[in-house]
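First the structure, in the form of structure tokens, and then the observations on it.
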Amino acid sequence: MIKPIVEFLFECLNLKDIKREWWRYAGVQFPESVADHSLHAAQIGFILANLENADPWKVTNIILWHDMAEIRIGDIHWLGWKHVKNKKEIEVWVIDDQIKNLPMKAEIKNLIDEYDKKETKESIIAKDADILNQVFQCKSYLEQWHKLMEHYLKNYKDRLVTESAKKMYESIMDSNSYNWLLVHENDNYWYKK
């Protein structure tokens with residue numbers, strides 16, 4: 001009875017090594033791990049639940065398990081999932097396989113199902129916490145790196161000599177390096193309600 005639990009907990013340990021892939025698309029070289037995300041989202045969820053008069057322990061538990069499938073399938077960003085039509089079935093199959101030998105498999109499955117359905121106050125708060133973690137992380141990355149880059153970009157302008165280079169500089173400054181990705185923004189079913 002203990003052996004399957006120990007093996008499962010060893011598997012859970014791998015969440016520390018799985019990076020949040022969306023941040024790589026945003027240019028973050030060393031993004032947070034799924035474990036980092038889950039911990040901070042659980043902390044946010046606990047606080048939100050208290051503020052919203054919901055069950056903070058249930059919210060925290062929902063968040064702790066919501067990304068379990070990523071241990072085996074990785075953190076696939078929304079553009080990647082756009083090309084996978086049966087995303088939910090894949091995640092359900094993976095989670096069922098992960099927890100099949102656990103005596104508490106029903107409890108874990110119920111928490112994940114509740115998160116996916118978003119029908120309870122706690123599951124809605126859990127999703128808000130999941131999103132707020134991304135807001136905190138995005139703001140943090142912006143202030144850590146991109147503000148510094150803005151400073152450096154301004155310094156390059158005066159170093160250019162040719163008119164073509166100066167025009168290209170202006171065009172670069174007026175462009176978004178992720179336009180190729182933003183054309184898919186309306187395809188972002190991942191975060192739609």
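The values are calculated or read from the model by the stated rules, or taken from the named source; none is laboratory data. What you see is a predicted model, and the numbers here were worked out from it, not measured in a lab. Note that we place each Cβ from the backbone using ideal geometry, even for glycine, and neighbour counts take in every protein chain shown.
Do we find that Ala54 is surrounded by 17 or more Cβ atoms within 10 Å (Cβ to Cβ) and either in contact with an Asp or Glu (Cβ under 8 Å, 6 or more places away or on another chain) or not charged (D, E, K, R) (or both) in this structure?
yes
Quick one: which of Leu148, Leu142, Leu181 is in contact with a helix residue (DSSP H, G or I) (Cβ under 7 Å, 6 or more places away or on another chain), modelled with pLDDT under 75 and either on the phi < 0 side of the Ramachandran plot or surrounded by 10 or more Cβ atoms within 10 Å (Cβ to Cβ) (or both)?
Leu181
Run down Asp75, Asp55, Asp67 and say which single residue is touching a Phe, Trp or Tyr at 6+ places or on another chain (Cβ under 8 Å), in contact (Cβ under 8 Å) with a residue 24 or more places away in the chain and of a type in the set (D, E, K, R).
Just one listed residue meets the conditions, Asp75.
Can you confirm whether Val94 is free of Cβ contacts under 8 Å to residues at least 40 places away in the same chain and touching a helix residue (DSSP H, G or I) at 6+ places or on another chain (Cβ under 9 Å)?
It is true that Val94 is free of Cβ contacts under 8 Å to residues at least 40 places away in the same chain and touching a helix residue (DSSP H, G or I) at 6+ places or on another chain (Cβ under 9 Å).
Please give the number of the condition Ala49 fails out of (1) crowded, with 19+ Cβ neighbours inside 10 Å; (2) within 19 Å of the chain's Cα centre (by Cα).
Exception for Ala49: condition (2).
Looking only at segment 109-132, count every residue that is under 21 Å from Arg20 (Cβ atoms) and small (Gly, Ala, Ser) and tell me the total.
2
Which one is farthest from Val135 (Cα to Cα) among residues in segment 16-32 that are at pLDDT below 95 and in contact with an Asp or Glu (Cβ under 9 Å, 6 or more places away or on another chain)?
Ile18
If we keep just the residues of segment 23-42 that are in contact (Cβ under 8 Å) with a residue 60 or more places away in the chain and assigned to a helix (DSSP H, G or I), which is nearest to Ile71 (Cα to Cα)?
Across segment 23-42, the extreme among qualifying residues is His37.
Filtering segment 160-174 down to residues that are outside any helix (DSSP H, G or I) and at pLDDT below 75, which residue is surrounded by the fewest Cβ atoms within 10 Å (Cβ to Cβ)?
Looking at the filtered set, the residue picked out is Val161.
Against the conditions (1) farther than 30 Å from Gly27 by Cα; (2) of a type in the set (S, T, N, Q); (3) assigned to a helix (DSSP H, G or I), where does Asn101 fall short? Just the number, please.
(3)
What is the one condition in (1) surrounded by 13 or more Cβ atoms within 10 Å (Cβ to Cβ); (2) part of a helix (DSSP H, G or I); (3) modelled with pLDDT under 95 that Asp75 does not satisfy?
Here Asp75 clears every test but (2).
Only one of these is of a type in the set (D, E, K, R), over 25 Å from Lys105 (Cβ atoms) and surrounded by 18 or more Cβ atoms within 10 Å (Cβ to Cβ): Arg20, Arg24. Name it.
Answer to the check: Arg20.
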